[in-house]
Each structure stands twice: as C-alpha cells, then as structure tokens.
Amino acid sequence: MARQYSAKNFIRKVPNPLLQQYFRERRLGVDWDELDETDADPIFDAVQALPDAQRGAVESDFTMINELACAAGTRAILEEAAFWGKDWSADFEKMENDYERAFWTFLNEPRRFEVAGAFHVMDRFSGWWRRFVGKRLEPATDSDAIDQLSRRIKAFYRRQGRGRYCHVDVYQRHDPERYCFFAYPEDIATTELGYDDGGKFSRRPRRSAFEIVFVYRPEDGHIEMHAEGVKKIKEELAEIFCTTVLGLKELPDDSGKEPYDLSCLKKPDFPFTTEPKDQVLDVELKLLRLDLPFDKTKGSGRRIVVSAASLPGAPNALHRLIEEAINQRRVPLDDVLISQAKLKFTFRAVDGRQPKRLTFEVTYPDRCTLKDDRHDQIAKKYLKRWGIARD
C-alpha cells in the first residue's frame with residue numbers, strides 16, 4: 001500500500017536547500033530569498049503554475065521520494081549503499097528527518113535511490129509462494145540469462161494476450177543473502193479517462209506493466225515468488241526461473257515436502273524460544289484453523305477456527321478452547337490438520353518508542369503473509385528453527 005501523500009506536508013518536511021537544488025537543476029523558478037523553511041504555499045503555487053508536463057514530472061518525483069521518506073525507506077537506502085561499500089549512517093544521523101534522507105539520495109545518488117525503492121516495495125509484499133529447489137546454487141545474472149528470462153516470461157504471457165514486452169532487473173541483498181529478480185511484463189491494454197497536455201478531456205489507451213518478483217535464498221535453498229495467479233501458473237513461472245537462472249532441468253518435485261508444517265502448534269506448551277540478540281519480547285499464538293477428518297455421513301469436510309487472547313493468567317487459553325471444541329475421544333488430535341495459524345511477535349522497545357508488533361499468518365501448505373523487512377526476516381528465521389518452515 002502506498003504511503004499517504006500531501007504535497008504541502010511533503011514540501012514542509014523537506015529542507016529548503018534540497019528543494020532549491022531540485023528546482024534549480026530543472027530550471028523551475030521559485031523566489032527562495034523570501035521563503036521560510038515551512039512556507040509551503042509559494043512552492044506549491046509555483047508547482048501548480050507549471051505546464052502540465054512539468055507539473056506531472058514534479059508530482060511524480062515527489063510521490064516517489066515520499067514513499068522512501070520513512071524509517072523502512074531509510075533502512076533500504078542504507079542497505080543498498082552498504083552493498084557498494086558506502087556507509088552513510090553518520091551523515092544520515094545529522095539530517096533532520098527521513099524526508100531529507102530520501103530527497104538527498106534522490107538528488108545525489110539516483111541509482112541507489114532506484115534500487116532502494118525496489119527493495120522497499122519488495123519488503124512490503126506479503127503472501128509469498130515458497131518452494132525448496134536446492135541449496136547453494138549459482139544464479140546466472142549475466143545479460144544473456146536476463147534476456148532469456150525476459151523472452152520466456154514474454155512467451156508465457158503471450159498466451160494470455162499480454163506480455164509483448166518484459167523488463168527484468170536483478171539485485172543482490174544480504175543478511176540473509178538473496179538474489180532478487182524483478183520482472184515487469186506488459187499488461188493488457190486498458191482505457192482510462194484523463195486530460196492531455198492541452199487540458200482536453202479524453203479517453204486514452206494505457207499499456208501498463210505488472211510485477212513479478214523471484215527471490216532465491218542460497219543458504220536455505222528456497223525460491224520465493226510474488227506473482228498473481230493460481231498454483232499452476234506460479235509453478236510454471238517458477239520452472240521458467242529455475243531452468244533459466246538456476247541451471248536446473250525442471251522445477252524440483254516437492255511431493256511430501258510442503259514448505260510449512262504447523263503440527264507442532266498442537267502442543268499447548270510449545271516453546272517459542274528466541275535469542276536475546278533479536279530483541280523478541282514475546283511470541284503469541286493468536287489463532288488456529290483446524291481441518292477435521294472427512295465426515296462420510298455428512299458428505300463434507302469440517303473446519304474449526306479457534307481464536308483467543310493469551311493473558312498472563314491464561315497463557316494456554318487457545319488450546320483450552322480446542323479441548324472444549326473437539327471431542328478427542330471421537331476425533332483424536334493426531335487426525336486433525338492445522339491448516340492455518342496466526343502469530344504475533346512483540347519486539348522490545350528501542351529509543352523510547354512503542355514496542356514493534358508483527359502479526360502474520362502461515363497457511364498450509366505454502367503460504368505465509370510475512371514480508372521481507374528486518375523484523376519479518378527475524379520471524380522467518382524462527383519459523384525455520386521451530387520446524388514450522390521446512391528445509
């Protein structure tokens with residue numbers, strides 16, 4: 001979801017010297033001598049008075065910068081800078097806020113800004129499709145491999161009447177190591193209502209792109225994919241990626257190797273053990289979805305969703321509800337499949353801020369709503385350690 005953008009609020013939070021540099025480089029006139037730091041109206045009015053094409057370009061730039069003008073955006077910028085051996089942390093510490101950090105990067109390090117923007121988008125995706133394909137494979141990142149991946153994705157989507165073009169970007173991330181491939185196939189043409197540069201109202205054709213993200217994690221051997229479509233489509237796309245980039249002959253068979261196994265959560269006393277260095281204050285199991293054996297007499301499967309808040313005086317409230325809901329003499333718990341769980345991580349407060357809370361769902365066999373930022377990476381590590389995420 002995009003961050004809320006208000007032009008005047010954005011202008012107030014960006015220091016005037018950066019705004020002045022931006023407008024000077026684009027030869028857009030504003031009388032800076034008469035402006036205070038928070039005097040947004042003259043700048044806003046100057047932008048609104050620009051010809052439509054110039055005004056649109058400024059608004060597009062400002063909304064892009066606004067997306068990275070937050071703590072997560074700053075982390076993405078610093079991560080990308082560190083990959084290239086640049087430590088901007090001391091310089092960023094001296095800046096007023098995240099708006100200044102994002103705007104400075106946009107002006108002075110446009111390539112780092114572009115890559116950090118891709119990371120920031122990736123970090124907010126949820127619902128990743130996951131599959132084990134093999135550890136420590138060597139991804140092909142040369143131009144020939146990227147061109148071949150683009151061609152095969154185009155051919156795949158041409159069957160749907162789209163995908164005439166496809167651009168692919170490749171980035172590498174660390175902690176943990178990840179190879180990230182962003183593909184942008186062309187979508188089906190649509191018509192939108194709007195105004196041309198002369199202000200004329202009209203219907204205009206539009207051919208936008210949609211996004212597919214492939215991530216390979218060499219240390220645990222998984223690929224993760226963010227893409228629209230049913231399981232069959234995702235498997236076909238994953239096979240294109242594996243055979244083109246990872247050098248495999250086919251997508252490995254995962255029969256009996258479901259990425260997630262929630263059976264350990266049947267234990268009321270399951271220990272959510274963590275390490276002090278990760279600053280995890282508490283892990284709470286908030287919801288379980290239980291799939292009961294098929295009932296031949298009723299001709300249907302049965303499903304129960306159990307949700308409860310665990311209080312200090314009742315840490316196992318959820319499992320007590322399960323005992324009340326299921327007659328285990330007729331339906332042993334061993335015959336019940338836990339098909340979904342909702343967990344909440346609470347992290348210790350830092351620098352006087354409110355504790356960070358992270359709530360997410362894991363759905364059998366292969367769905368998880370965790371994203372890809374720093375706290376989500378910690379949660380992923382423990383899902384693997386606890387045996388919920390399988391190797």
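Read-outs throughout are calculated quantities, based only on the coordinates presented, and are distinct from any laboratory measurement. Keep in mind that this is a model prediction, so the values were computed, not measured. Note that each Cβ is placed from the backbone with ideal geometry, even for glycine, and that neighbours are counted across all protein chains shown.
Once the other residues with Cβ under 14 Å from the Cβ of Leu358 are scored (Lys, Arg +1; Asp, Glu -1), what is the net sum? Mind showing how you got there, number by number?
Numbers: positive: Arg124, Lys286, Lys342, Lys344, Arg348, Lys356, Arg357, Lys371, Arg374, Lys380, Lys381; negative: Asp123, Asp278, Asp282, Glu284, Glu361, Asp372, Asp373, Asp376.
Within the 14 Å Cβ shell, the charges total +3.
Hull surface divided by four, with the convex hull built on the Cα atoms of the range 7-124: how many nm²?
Details: hull surface 29.5 nm².
Value for the range 7-124: 7.4 nm².
Test of understanding: in a Gaussian network model of the chain with alpha carbons linked when under 10 Å, which of Arg130, Arg217, Arg159 would top the mean-square fluctuation ranking?
Looking only at Arg130, Arg217, Arg159, the biggest GNM fluctuation is shown by Arg159.
Using the Cα atoms of the chain to build a convex hull, what is its mean projected area in square nanometres? Walk me through the numbers on the way to the answer.
Numbers: hull surface 102.7 nm².
The number I arrive at for the chain is 25.7 nm².
Under the 0.36 nm per residue contour assumption, what length would be gained going from the current alpha-carbon distance of Ala317 and Ala71 to full extension?
Result for the pair: 85.0 nm of gain on full extension.
Step through the residues of the range 64-71 one at a time and calculate ³J(HN,Hα) from phi using the Karplus curve (6.51 cos²θ - 1.76 cosθ + 1.60, θ = phi - 60°), rounding each to whole Hz and writing x for Gly and Pro.
Calculated HN-Hα couplings, in order: 5, 5, 4, 4, 9, 7, 7, 4 Hz.
When the expected Rg is taken as 2.2 N^0.38 Å, what fraction or multiple of it is the alpha-carbon Rg of the range 94-188? Before the final figure, lay out the partial values.
Numbers: Rg = 16.7 Å, N = 95, 2.2 N^0.38 = 12.4 Å.
For the range 94-188, the normalised Cα radius of gyration is 1.34.
In the structure shown, do any of Lys249/Lys381; Lys342/Lys381; Lys154/Lys234 have a Cα-Cα gap over 22 Å, and if so which? Write down the numbers at each step before the final one.
On the way: Lys249/Lys381 29 Å; Lys342/Lys381 16 Å; Lys154/Lys234 15 Å.
Going by Cα-Cα distance, Lys249/Lys381 fall outside the 22 Å limit.
Where does the charge balance sit around Ala227 when Lys and Arg score +1, Asp and Glu -1, over other residues with C-beta under 9 Å from its C-beta?
-1
What is the range 65-106 by shape, rounded, prolate or oblate, if you read a ≥ b ≥ c off the alpha carbon gyration tensor as root eigenvalues and call it rounded for a/c under 1.5, prolate for a/b larger than b/c, and oblate otherwise?
On the way: a/c = 1.95, a/b = 1.34, b/c = 1.46.
Oblate, because a/c is 1.5 or more while a/b does not exceed b/c.
Given the options Gly56, Gly134, Gly352, state which has the largest fluctuation in a GNM of the chain using a 10 Å cut-off (strictly under) for Cα springs.
Gly352
May I ask for the net charge around Ile212, where only other residues with Cβ less than 10 Å from the Cβ of Ile212 are counted and Lys, Arg are +1 while Asp, Glu are -1?
Numbers: positive: Lys234; negative: Glu211, Glu228.
Here the count lands on -1.
Choose one of Pro139, Leu149, Ser202: the residue whose Cα lies farthest towards the positive end of the charge dipole of the range 128-245 (beta-carbon charges +1 Lys, Arg; -1 Asp, Glu; about the Cα centre).
So the residue furthest toward the plus end is Ser202.
With charges only on Cβ, +1 for K and R and -1 for D and E, what is the dipole size of the range 7-124 about its Cα centre, in debye, rounded to 20?
In debye, rounded to 20, the range 7-124 gives about 400.
In debye, nearest 20: dipole of the chain around its Cα centre with unit charges on the Cβ of K, R (+) and D, E (-)? Write down the numbers at each step before the final one.
Details: 65 positive and 67 negative charges, 406 e Å.
Here the chain has a charge dipole of around 1940 debye.
What is the ratio of the Cα radius of gyration of the range 224-264 to 2.2 N^0.38 Å, with N the residue count, to two decimals?
Numbers: Rg = 11.9 Å, N = 41, 2.2 N^0.38 = 9.0 Å.
Here the Cα radius of gyration is 1.32 times the empirical estimate.
Using the Karplus curve 6.51 cos²θ - 1.76 cosθ + 1.60 with θ = phi - 60°, work out ³J(HN,Hα) for each residue of the range 232-242 in order, rounded to whole Hz, and write x for Gly and Pro.
4, 5, 5, 5, 5, 5, 5, 5, 4, 5, 5
In Å and whole numbers, how far do the C-alpha atoms of the range 263-385 stretch along each principal axis, longest first?
59, 33, 21
For the range 128-245, go through all pairs of different Cα atoms, get the mean of 1/r, take its inverse, and jot down that Kirkwood value in Å.
Details: mean 1/r = 0.0641 Å⁻¹.
Result for the range 128-245, one decimal place: 15.6 Å.
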